[in-house]
Every structure is written in structure tokens, then in C-alpha cells.
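Have a look at the structure below before the remarks.
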């Protein structure tokens, strides 16, 4: 198993931190394979300020075009009202156009016991 270093930490928006810590969010979508995540990786999760808020282990991965994700493959990820909202949100995150053909890596993770409880996180 690989342990990721700080410069390879997986970043999350502040609004997603409580969802990860409460185990409501159990997957992350990474477009264009920006983190080279693999099953078994131990990953530091950081917020937008760079603060580590959780340690997770990658448990499963699927790679395919974004537009072909099934409902099961979307489980554990924040929901969007429709595909247009999803593409617009992801375009904002990545700073480049995102559409149905964009390559996505869905990584499911299990949060470690040493992660902070959600109530100890500060609001951004």
C-alpha cells in the first residue's frame, strides 16, 4: 500500500468536510486523474486552507467517462439536480470545460479512526 505525501493530499471544498467526517460522503470524483489514486492508498484529506481533516484508505476505483456513471457509481458522492448542474460545478472546480466525455476516476474510501469528528471542524 502506498501512503500519499502532503503534496499529493486529496483536497475537498469546505462544504464537503462535514460530509466526509460524518461518513455521508464516501467517494470522490477526480477528473483527468489528477491524483493518481489507487486501491489501498492511505490518503490525507485536506480542506481549502490545506488543513488535514481526515485520513482515508481507498477501497475501490472505477474509471470511465463521466456521462456513463451509473447511479450505483454515484453513490456516496454529493448529488446534483441534473447533469447540467454537475458539469457546471465540475467545470468550476477544474477551471476547464467538463462534459459527458471527461474521464473520471471514482474513488471510494473508508475514513480512519484518527480523523476529527465533524463538530470540531470550523466553518469556512
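The values are calculated or read from the model by the stated rules, or taken from the named source; none is laboratory data. None of these values were measured; they are calculated from a predicted model. Using ideal geometry, Cβ is built from the backbone for each residue, glycine included, and neighbour counts are taken over all protein chains shown.
For this structure, a couple of remarks:
- Every residue from segment 81-124 that is at pLDDT below 95 and in contact with a helix residue (DSSP H, G or I) (Cβ under 7 Å, 6 or more places away or on another chain): 111, 115, 116, 117, 118, 121, 124
- In the set (1) exposed (fewer than 12 other Cβ atoms within 10 Å of the Cβ); (2) assigned to a helix (DSSP H, G or I), the condition left unmet by residue 87 is number (1).
- The selection criterion, being buried (at least 17 other Cβ atoms within 10 Å of the Cβ), more than 16 Å from residue 107 (Cα to Cα) and without any contact (Cβ under 8 Å) to a residue 60 or more places away in the chain, does not hold for residue 80.
- Residue satisfying all of: in segment 23-51; within 21 Å of residue 95 (Cβ to Cβ) and more than 12 Å from the chain's Cα centre (by Cα); surrounded by the most Cβ atoms within 10 Å (Cβ to Cβ) among these: 48
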